[in-house]
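First the structure, in the form of structure tokens, and then the observations on it.
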Amino acid sequence: MYVLVDNNWYLPYQEIKDDFQTGDVLLVHGRYEFSIAIEAVQWSPFSHVAMIVRAEDIGLAGKAPELLLWEANSLTNLPDVITGQAKPGPMLVDFEQRLSTTAKDFEDVKFAFKPLYLPKETVIGPALQQLMPTVNQAGFPTDEEMASRFFDGRYRGIAAPTDAFFCSELLAYTFMEMAILGTKYPINAYAPKDFSDEGTVRLRQRAYFGNERFFYPPL
């Protein structure tokens, strides 16, 4: 059994929402389709990972919710803010809505984030803005495809095609395209655990992650 942070140490969402920055990583624990297998393989409490994005950093100030989430999963219950359509695979969705719907629809859900720290001269918003319209055309692999892609990447060093992404693939691909994650390992070699405090992800250009901070979803 995994032991997560005691609830007394959880931060209220309303107190920290203004602290979120583009590039911060969201980590999710919960009981939903395929999550038990993902957590068991990693020996980690986290089965989903995504990137927090501020709308103003990608040219969407006043056109989209202030806080967004760049993620890949099989859910189709929220629309992509760029296309207005919902589909499996990479999407940019309303961050608060994703937190609320996930907490409501699944069991034993817990959220944590890892802040991304960048040198002052490093700007990632424009690269992210350019990347998203192309990448969100991709799909999401089946459970069998996901397992095969991860095995090939992790243990054989074989890169998967970018016609589909699972969650940690998308995160790794995005950080690589922004030139702050090295390309020694293929994008399909990464699992959610790798971006947690127990992971071994090391960034480039003097960028680094802070420690996990657990928080309650918005009420």
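The values are calculated or read from the model by the stated rules, or taken from the named source; none is laboratory data. Note that the structure is predicted; figures quoted are calculated from it, not measured. No Cβ is skipped: glycine too gets one built from the backbone with ideal geometry, and neighbour counts run over all protein chains shown.
Does region 53-63 contain any residue that is assigned to a loop (DSSP other than H, G, I, E, B), surrounded by 16 or more Cβ atoms within 10 Å (Cβ to Cβ) and hydrophobic (A, V, I, L, M, F, W, C)?
Yes, because at least one residue in region 53-63 is assigned to a loop (DSSP other than H, G, I, E, B), surrounded by 16 or more Cβ atoms within 10 Å (Cβ to Cβ) and hydrophobic (A, V, I, L, M, F, W, C).
Selection of first residues in region 10-28 that are among the acidic types (Asp, Glu) and of second residues that are at pLDDT 95 or above, restricted to Cβ pairs under 8 Å at least 6 apart or on distinct chains, gives the following pairs, ordered by first then second residue: Asp19/Pro115; Asp24/Met51; Asp24/Ile52; Asp24/Phe113; Asp24/Lys114; Asp24/Pro115; Asp24/Leu116. I'd like the residue in region 108-124 that is part of a strand (DSSP E or B) and over 15 Å from the mean Cα position of the chain (by Cα) and, out of all such residues, is surrounded by the fewest Cβ atoms within 10 Å (Cβ to Cβ). Residue satisfying both the conditions and the ranking: Asp108. Among residues of region 155-175 that are without any contact (Cβ under 8 Å) to a residue 40 or more places away in the chain, those with a beta-carbon under 6 Å from a residue that is of a type in the set (S, T, N, Q) at least six positions away or on a different chain give the pairs Ala160/Asn188.
For region 101-150, the set of residues classified as among the β-branched types (Val, Ile, Thr) and closer than 17 Å to Glu56 by Cα consists of Thr122, Val123, Ile124, listed by residue number.
On the basis of being within 16 Å of the chain's Cα centre (by Cα) and under 26 Å from Asp57 (Cα atoms), does Pro218 make the cut? It is false that Pro218 is within 16 Å of the chain's Cα centre (by Cα) and under 26 Å from Asp57 (Cα atoms).
Remark: Ala103 falls outside the filter, which requires a residue to be in contact with a helix residue (DSSP H, G or I) (Cβ under 6 Å, 6 or more places away or on another chain) and not in a strand (DSSP E or B). Taking region 33-76 as the range and being modelled with pLDDT under 95, of a type outside the set (S, T, N, Q) and under 16 Å from the mean Cα position of the chain (by Cα) as the test, the residues that pass are Ile38, Glu39, Pro45, Phe46, His48, Leu75.
The set of residues in region 133-163 being among the small types (Gly, Ala, Ser) and at pLDDT below 95 consists of Ala147, Ser148.
Note on region 125-159: residues that are part of a loop (DSSP other than H, G, I, E, B) and touching a Gly at 6+ places or on another chain (Cβ under 6 Å) amount to 2. Count of region 82-93 residues, restricted to those that are crowded, with 20+ Cβ neighbours inside 10 Å and closer than 14 Å to Leu68 by Cα, is 4. Which residues, counting only those in region 174-195, are farther than 18 Å from Thr122 by Cβ and buried (at least 23 other Cβ atoms within 10 Å of the Cβ)? Passing the criteria: Ile187, Asn188, Ala189, Tyr190, Ala191, Pro192, Lys193, Phe195. Going through (1) of a type in the set (S, T, N, Q); (2) surrounded by 22 or more Cβ atoms within 10 Å (Cβ to Cβ); (3) more than 23 Å from Pro115 (Cα to Cα) one by one, Ser168 falls short only on (3). Within region 76-99, residues that are part of a strand (DSSP E or B) reach partners that are among the charged types (D, E, K, R) with beta carbons closer than 6 Å, at six or more positions or on different chains, in the pairs Met91/Asp80; Leu92/Asp80.
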